[in-house]
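*Asks:* Below is one structure. I have some questions about it.
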Amino acid sequence: MRMLSRLIICSLLVVAASCSMPKMPRVFKITIQQGNLISQEMIDQLKPGMTRSQVAFVMGEPVARNTFNEDRWDYIYTVVVPGVYEDEKRMSLYFENDVLAYFTGDYAPTGSHPDGETPAEAEPQDTASKRVTANSG
């Protein structure tokens, strides 16, 4: 009986002492950004008919080039904050005769609404891929 009471007292002392200890330092989790930064302002500047150098001036050179198709540029941007946030944006630009023919991806130009009006939602579209061609803009 005496042994049990000592064990309980020791257990309570250990628990009380562990609560008063300073907090242990946490491991720093670094934010990881990869690829080309893509913004809505950049997409709004793209127009079908632009040359490759004009597109590169606006968007930058793509990090990932399709070696089998020189007429396609892929832009991918990912942000990862471990355990907190992950995001990925994609854009694919297609060239015909060395000029921009159309582009698809998570963004659409804000002025490309069929009625000529600016859509109320100018944020990137995550769910549906948008295709903008020379005929629609």
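*Asks:* Ranking 103, 28, 57 by Cβ neighbours within 10 Å, fewest first, what do you get?
*Replies:* Lowest count first: 28, 57, 103.
*Asks:* What nm value, rounded to one decimal, do you get for the distance between residue 39 and residue 88 when each label is placed 7 Å out toward the C-beta?
*Replies:* Taking the simple label geometry, residue 39 and residue 88 are separated by 2.4 nm.
Values in this text are rule-based calculations from the coordinates and carry no lab data. Everything numeric here is computed off the predicted structure, so don't read it as measured data. So basically every Cβ, Gly included, is an ideal-geometry build from the backbone, and we count neighbours across all protein chains shown.
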